[in-house]
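The values are calculated or read from the model by the stated rules, or taken from the named source; none is laboratory data. What you are looking at is a predicted structure, and each value in this text was computed from that prediction instead of being measured. Cβ atoms come from the backbone with ideal geometry, glycine included; neighbour counts cover every protein chain shown. Accessible surface areas use protein heavy atoms only, side chains included; no ligands, DNA or RNA. Shrake-Rupley method; radii C 1.70, N 1.55, O 1.52, S 1.80 Å.
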Amino acid sequence: MLSRRFFSTTASKLARAEVTKLSNGLTVISKPGNSSLSSIGLYLNSGSRSENAYNSGVSTLTGDILKNSTLSRKAFESAGVKVTSTNGKEYSGLAVTSFAPGNSSAAVAAIDSLVKETPKLIADELTVKENVARAVAFADKFEETPKKMVLEHLTATAFQGTSLALPSYGKAETLETLQTIDLQDFLSKNLVSSNATLISYGSDVNHDELVKAAAKLAIPTGAKIPFEAASFLGSDVRLRDDTMPDAHVAIAVKTPGAKSEHDFLTGLVAAHINGEYLGRDSLYTPFEGPKFSQLVASHGWSNYYNHFQIGYSDIGLWGAYFNTEAIEYVDEFTHFLLKSWNRFSTGTISSAELEKAKQELKVVLASAKADQVEELDSIAASYLARGILSSDEELIHSIDAISHKDLVKWAQNYLYDQDIAIAGNGQIEDLFDYNRIRNDMSMMRW
Amino acid sequence: MFTKSSVRSFSTSIPRALKVSTVPTVTSPVSSLKVLVKGAGSKDTPSGLSHLLASSAFLDTASKSALRLKRESELLGGSYKASVTRDALVLEATFLKEDLPFFVNAIGSTLTETSFKNHEFNELVLPFATYTGAKANSSPSFEALEELHAISFKRGLGQPLYYDGVKSYSAVDLSLFAESLYTSENVEIIGSNVVEEDLARFVKESPLSELPAAKNETTAEKPKQKTYTGVESRIRKPGQTVAVIGLPVASADVPTYKLVSAAVVSAIPDTYEATVKADVLSYEQSGLLYVSIASDDAAEVGSLLKKAAAALEKASGSSLTKYKPLASYIAGADGSSAKDLESAKTSVKIPKFNLVVVGDVDSVPLADEL
């Protein structure tokens, strides 16, 4: 019953994103979509990874200044165009607009005038000061969100000593020292046409018109400065806090980046074998298929875990994050988690487990994100890391091609007996020392 | 929300009101189904019962166990969930396009042949519903909005959205209610990114075609929703402070009040600490305008609340046309269509509002001090 095809699925062509590169190097991407708000955003291929230890947070601050400007406020009040900004390791959404379908010209106009006004905005000392205070408050608040914070620190310890380790949103100590001159310096290097991408998502945005508008943006020409190389170091970082009710832990290995398409996709499939565990937040937890979630559910070891494959352009991280109130079981959880990873290398993953992972990944990759800004971020991160955008058809085709053998080979290369990065926060007294956890990455028997 | 969709009713052996429709979308390999069971929302059933019903969805049925359903859909990569709104019980599934028949059947089975076993009720349904209810209510913003519904409507829409443990039910109660609520007149099926003829055919071949017609053919007029204004409620609670101004409005006035909510949003300056939200919730029999202000700093809530009240007073009777663009953004953000705004009036006289404060109530002014 499950394998029979009842009707043709190839009748209509699948929608795919259009990509145009202008002569000055600026890229324009439009992706059709169904969300009730459309979105256009100006992205730079430089986030916190393009910063250094002395101007960490400058990319976030630049976005904040544009987002909080009176221009943005006016666009929101009189034209219904909401301007936000986002920041990642390798991208920053300088001005990301959301608007009701049919309002795209107002959004383009808002981006256009924000780009024009940028030099004036960052030259105003008072504006910079106000936004520094906000950015500091945001960075402090970010540190109080354990899940995000643990993943941030995981990246920081894994790539320590390189610019990839710098915090995505900066930190108070460096943010407070930033002045107009730092912003000017950062923008002169990064707000250049070959480093900029204009991305749209929604049902109503016309690609040709967007290309025309992009050509008019006041962005100076210039070449992109390549990222500083990143290197991985097996290490751990712990912030024990017994006043918190639970423990938050993330463990990861180094993998190739998103440019190594096959390895990256295999990593994503591997991440979906154990997948996400919602614990008591899902009614169906007791019925879940993954062997590891059955183990966790029957022992009550954890409330939540999730596996991830993060892909930067040249390097990646594959691993898991979990949190638990059963702090006395952190050691058991960690041990059996790593033992379940061993199964990938020994090839004892069943074909049903692999199939589940592949199908789940297809749905996840082909589904629209929860909101339009998240969708733009995901397009930006994926395009900027890989240099191309795959259509849904191509993705499904590549996922279909991943075999059991590929998975085992991937695991033996990147997972088995490899160094790990560990980050922990909360009541982590039962998170063992580095070497003891590292030993679980291999096994005494094969 | 789906007003533009082509709605199609079809008949199998007996005349039925089962509504099947699709939403025009950009094609993608992923489809989704949304099934609304009208009359099974939390306003229509004894309090908490519809949440328990939603928490019993996709469990054991006569033909398939919950375990088998979960494992089979995992193999297909699909997922399903059930939730409850004030107007309806909502069953949703997301899956790869070619798996449409499987998920039509899964939803159909849930509506027609759920077993409502005693042990499932005690071990899964009740703990899960109690947990989700308590978790939602631990958020002061949610609690304030619930209280606003309670004081603005009292009965019907004023009932709590989730099960709160005040009443006790058994698996038998659920099964009896399911029998009376899951009828072909109440069920509406909306497919997204599916071919409508395929959906209609699969529905016809699925257990959904066996949905019984409602027992009492006389479609009794539902009692009209009564509304109350000028009421105030303050709940002391440690943690974040939330103030909500609210006003029950007639369904026909919802578009006009969307403009009012835009007027309030534009009058309140951006602040980093506080979260300000204004919108109109639209229900079958009524709408509810609300302006919610939340912050860790109770004094800030107080001062923003004064600004919001002043903005409401200023908006009353004055021209609202200039707020249309902002209102269309607000409409898009809550998932409704900006087209509805076309029927908005240019001005409206705003009556006395309701006020709910949760948190540090001492630092927030009373309604008559605003």
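Listing for the model above:
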| quantity | calculated |
| --- | --- |
| The lone exception for residue A:104 - which of (1) in contact (Cβ under 8 Å) with a residue 12 or more places away in the chain; (2) of a type in the set (Ser, Thr, Tyr); (3) under 30 Å from residue A:425 (Cβ atoms) it fails | (3) |
| From B:204, B:226, residue being in a loop (DSSP other than H, G, I, E, B), touching a residue at least 12 places away in the same chain (Cβ under 8 Å) and open to solvent by 50 Å² or more (accessible area, probe 1.4 Å) | B:226 |
| Some residue of the range A:43-51 being open to solvent by less than 10 Å² (accessible area, probe 1.4 Å), within 16 Å of residue A:197 (Cβ to Cβ) and of a type in the set (Ser, Thr, Tyr) | yes |
| Residue in the range B:327-345 that is nearest to the other protein chains (Cβ to nearest Cβ), counting only those that are of a type in the set (A, V, I, L, M, F, W, C) and out of contact with any strand residue (DSSP E or B) (no Cβ under 9 Å at 6 or more places or on another chain) | B:338 |
| Residues (in contact with a strand residue (DSSP E or B) (Cβ under 9 Å, 6 or more places away or on another chain) and under 19 Å from residue A:49 (Cα atoms)) located in the range A:144-162 | A:149, A:150, A:151, A:152, A:153, A:154, A:155, A:156, A:157, A:158, A:159, A:160 |
| Number of the condition not met by residue A:108 [criteria: (1) under 26 Å from the mean Cα position of the chain (by Cα); (2) open to solvent by less than 30 Å² (accessible area, probe 1.4 Å); (3) over 29 Å from residue A:156 (Cα atoms)] | (2) |
| Among (1) away from chain B (no Cβ under 13 Å); (2) closer than 21 Å to residue A:181 by Cα; (3) open to solvent by less than 30 Å² (accessible area, probe 1.4 Å); (4) over 24 Å from the mean Cα position of the chain (by Cα), the one test that residue A:61 misses | (4) |
| Failed condition for residue B:22, given (1) in contact with a helix residue (DSSP H, G or I) (Cβ under 8 Å, 6 or more places away or on another chain); (2) within 30 Å of residue B:341 (Cα to Cα); (3) surrounded by fewer than 22 Cβ atoms within 10 Å (Cβ to Cβ); (4) at pLDDT below 85 | (3) |
| Helices (runs of 4 or more DSSP H) wholly inside the range B:70-178 containing at least 3 residues that are within 11 Å of another protein chain (Cβ to nearest Cβ) and open to solvent by less than 20 Å² (accessible area, probe 1.4 Å) | B:100-113 |
| Residue match in the range A:159-170 (condition: more than 14 Å from chain B (Cβ to nearest Cβ), out of contact with any helix residue (DSSP H, G or I) (no Cβ under 9 Å at 6 or more places or on another chain) and not in a loop (DSSP other than H, G, I, E, B)) | no |
| Considering residues of the range A:72-93 that are within 13 Å of chain B (Cβ to nearest Cβ) and either open to solvent by 30 Å² or more (accessible area, probe 1.4 Å) or touching a residue at least 40 places away in the same chain (Cβ under 8 Å) (or both) only, the residue farthest from the chain's Cα centre (by Cα) | A:78 |
| Lone unmet requirement of (1) at pLDDT 95 or above; (2) in a helix (DSSP H, G or I); (3) within 14 Å of chain B (Cβ to nearest Cβ) for residue A:112 | (3) |
| Matching residues in the range B:14-63 - criterion: being under 15 Å from residue B:82 (Cβ atoms), in a loop (DSSP other than H, G, I, E, B) and within 14 Å of chain A (Cβ to nearest Cβ) | B:55, B:56, B:57, B:58, B:59, B:60 |
| Selected residue (criterion: nearest to residue A:157 (Cα to Cα)) from residues of the range A:435-446 that are surrounded by fewer than 16 Cβ atoms within 10 Å (Cβ to Cβ) and either touching an Asp or Glu at 6+ places or on another chain (Cβ under 6 Å) or in contact (Cβ under 8 Å) with a residue 12 or more places away in the chain (or both) | A:442 |
| Strands (runs of 3 or more DSSP E) contained in the range A:215-330 and holding at least 2 residues touching a Lys or Arg at 6+ places or on another chain (Cβ under 7 Å) | A:315-324 |
| Scan of the range B:293-329 for residues that are touching an Asp or Glu at 6+ places or on another chain (Cβ under 9 Å) and open to solvent by less than 20 Å² (accessible area, probe 1.4 Å), ordered by number | B:293, B:295, B:298, B:301, B:326 |
| Check on residue A:234, touching an Asp or Glu at 6+ places or on another chain (Cβ under 8 Å) and under 30 Å from residue A:28 (Cβ atoms) | no |
| Residue in the range A:97-104 that is within 25 Å of the chain's Cα centre (by Cα), closer than 12 Å to residue A:376 by Cα and open to solvent by less than 10 Å² (accessible area, probe 1.4 Å) present | yes |
| Hey, residue A:69 surrounded by fewer than 24 Cβ atoms within 10 Å (Cβ to Cβ) and within 12 Å of chain B (Cβ to nearest Cβ) or not | yes |
| Within the range A:253-276, tally of residues that are closer than 18 Å to residue A:336 by Cα and away from chain B (no Cβ under 13 Å) | 3 |
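For every residue, the table says whether it meets (1) among the small types (Gly, Ala, Ser); (2) out of contact with any Pro (no Cβ under 7 Å at 6 or more places or on another chain); (3) surrounded by 17 or more Cβ atoms within 10 Å (Cβ to Cβ).
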site	(1), (2), (3)
A:189	no, yes, no
A:241	no, yes, no
A:253	no, yes, yes
A:257	yes, yes, yes
A:286	no, yes, no
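To keep it simple, each residue is scored yes or no on (1) farther than 19 Å from residue B:156 by Cα; (2) modelled with pLDDT of 90 or more; (3) more than 24 Å from the chain's Cα centre (by Cα).
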| position | (1), (2), (3) |
| --- | --- |
| B:206 | yes, yes, yes |
| B:220 | no, no, no |
| B:229 | no, yes, no |
| B:233 | no, yes, no |
| B:238 | yes, yes, yes |
| B:253 | yes, yes, no |
